[in-house]
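The values are calculated or read from the model by the stated rules, or taken from the named source; none is laboratory data. Computed from a predicted structure; not experimentally measured. Quick reminder, even Gly has a Cβ in these numbers, built from the backbone with ideal geometry, and neighbours come from all protein chains shown.
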Amino acid sequence: MTGKKKSRPLVSGLVVLGLVATSGYLTLELRKQEEQGVTEVRNVGVLNGTRGQSGKPEDTSEDRWSRLENPARSVLRGADGQVKAVLTDGARTAKLTGPARTFAEPTATASKVSTTDWVRLIPEPWSKGAEKQKWFKDWYAEYADSKEDDLFAFAFQYVAGAPQRKDGQGVVVAGDANFGPLNTAGTEGGDLRLEQSDFYDYLGTAYSFRDGSVGTPEAVRARSLDCSGFIRMVLGFRARYPLMSSDKTGDGLPRTANGMARSRQGVNVLPLTGVAAKDRPSTIDELQPGDLVFFKLDTRTGERLDHVGMVLGYDTQGHLIFVSSREEVNGPTIGDVGGVSRLDGNGYYAKTLRSAKRL
């Protein structure tokens, strides 16, 4: 990471407002794309278990599925034409429409993201026609209108000021996270804080990976998550996406930002063409909430991508915002220290964006 290092704000968090917010911009974009590139549209009957206040399945005979390209995906719309779900071929992240929420970090930024988007993991990668399969019908019946924590809720449980949460064994699984321990070896030409704090370092407990490797926490890294460790906490430990023990062993989400960007997991919505400034994506129109975005920030890391975050959505000023764990603010944030958290325009992170993936 580059730039001057500043202390982490003391208070911020998730603000839930009693307002009716919409993801209008994304809905309009989907409609625009649908008009230009619908490959299939059909009506569907009752979506196996979608229930109204009576507890009985609602008549969703006017719901329809359509197919869009770039990337290939299935879109479910209700009778009113509003998007209810977006599922991308080869990806497990599903974008659903649900109750309105507002995410804010008032001591770190004026940005507020008011959204009806909820991003969750489906049991297996999506494919064309999967809406007919029982596993999806059962999953959608459970989560269509659910307020259970999703990826965004998980992410904001680690920003500054977030209260601690413990599991049934008394292990702290959420709460204000640091980026990493101070670099006591000195900061001249180096970093103020050390990287390499994974999710099990935050937890303070050993973690057994599926390849047989065991992640052993370091006490000095307790309650710390570097940028990729934060994504692995949210998507892996909390949402149960499979995790690799490193960039080379195991199957699932690799350990580092570079490993994630170059892995075969998910779908490359902004393909990586290189790490030089000229390799910045020419457009970010394909991005949607929940996508992972990858950056080239540090010239010292050669051809490696060195930062990863998650797209949150458009703020009230129309800027596309992402959340990530950063050295400058010592932890997860959508703040402005070290560069505003915008993917559009010509700010620090917008200029250093190199690729994006939908898991």
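For this structure, a couple of remarks:
- Single unsatisfied condition, Arg223 versus (1) surrounded by 19 or more Cβ atoms within 10 Å (Cβ to Cβ); (2) within 23 Å of the chain's Cα centre (by Cα): (1)
Residue-wise test of (1) out of contact with any Asp or Glu (no Cβ under 7 Å at 6 or more places or on another chain); (2) surrounded by 24 or more Cβ atoms within 10 Å (Cβ to Cβ); (3) in a loop (DSSP other than H, G, I, E, B).
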residue: Ile231; (1), (2), (3): yes, yes, no
residue: Phe237; (1), (2), (3): yes, no, no
residue: Gly250; (1), (2), (3): no, no, yes
residue: Arg255; (1), (2), (3): no, no, yes
residue: Arg264; (1), (2), (3): yes, no, yes
residue: Asn268; (1), (2), (3): yes, no, no
residue: Val293; (1), (2), (3): yes, yes, no
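Table: residues versus (1) small (Gly, Ala, Ser); (2) out of contact with any Phe, Trp or Tyr (no Cβ under 6 Å at 6 or more places or on another chain); (3) surrounded by 12 or more Cβ atoms within 10 Å (Cβ to Cβ).
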site: Ala144; (1), (2), (3): yes, yes, yes
site: Asp149; (1), (2), (3): no, yes, yes
site: Phe152; (1), (2), (3): no, yes, yes
site: Tyr158; (1), (2), (3): no, yes, yes
site: Ala162; (1), (2), (3): yes, yes, yes
site: Lys166; (1), (2), (3): no, yes, no
site: Val171; (1), (2), (3): no, yes, no
site: Thr184; (1), (2), (3): no, yes, no
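- Candidates Leu312, Leu287, Leu305: the one that is modelled with pLDDT of 95 or more and part of a strand (DSSP E or B) is Leu312.
- Residues located in the range 153-173, provided they are among the hydrophobic types (A, V, I, L, M, F, W, C) and either closer than 23 Å to Met310 by Cβ or at pLDDT below 95 (or both): Ala153, Phe154, Ala155, Phe156, Val159, Ala160, Ala162, Val172, Val173
- Selection from the range 106-152 of residues that are charged (D, E, K, R) and at pLDDT below 95: Asp145
- Which numbered condition Tyr158 fails, given (1) closer than 25 Å to Thr109 by Cβ; (2) among the hydroxyl-bearing types (Ser, Thr, Tyr); (3) free of Cβ contacts under 8 Å to residues at least 24 places away in the same chain: (3)
- A count restricted to the range 80-117 and to residues that are touching a Ser or Thr at 6+ places or on another chain (Cβ under 8 Å) and farther than 19 Å from Ala356 by Cα stands at 23.
- Among residues of the range 211-222 that are within 16 Å of Met233 (Cα to Cα) and modelled with pLDDT of 95 or more, those with a Cβ under 7 angstrom from a residue that is of a type in the set (Val, Ile, Thr) and not in a helix (DSSP H, G or I), sequence gap 6+ or separate chain, pair up as Pro217/Thr205.
- Selection status of Pro289, under 14 Å from the mean Cα position of the chain (by Cα), buried (at least 24 other Cβ atoms within 10 Å of the Cβ), closer than 28 Å to Arg221 by Cβ and not small (Gly, Ala, Ser): no
- Pairing residues of the range 118-134 that are within 16 Å of Gly90 (Cβ to Cβ) with residues that are assigned to a loop (DSSP other than H, G, I, E, B) and of a type in the set (Val, Ile, Thr), at Cβ distances under 9 Å and at least 6 apart in sequence or on separate chains, gives Ala130/Ile122; Glu131/Val44.
- Candidate set: the range 317-344, residues that are of a type in the set (S, T, N, Q) and over 28 Å from Leu121 (Cβ atoms); chosen: the one surrounded by the most Cβ atoms within 10 Å (Cβ to Cβ): Asn330
- Inter-residue pairs, beta-carbon under 6 Å, first over 17 Å from Asp150 (Cβ atoms) and in the range 74-94, second of a type in the set (Val, Ile, Thr) and part of a strand (DSSP E or B), 6+ apart: Val75/Val86; Arg77/Val83; Gly90/Val267
- If the condition is being assigned to a loop (DSSP other than H, G, I, E, B) and in contact (Cβ under 8 Å) with a residue 60 or more places away in the chain, then the range 334-359 contributes Ile334, Gly335, Asp336, Val337, Gly338, Gly339, Val340, Ser341, Asp344, Leu359.
- Number of the exception - Pro125 against (1) touching a Phe, Trp or Tyr at 6+ places or on another chain (Cβ under 6 Å); (2) over 30 Å from Gly338 (Cβ atoms): (1)
- Among the conditions (1) at pLDDT 95 or above; (2) closer than 23 Å to Gly175 by Cβ, Glu327 misses just one, which is (1).
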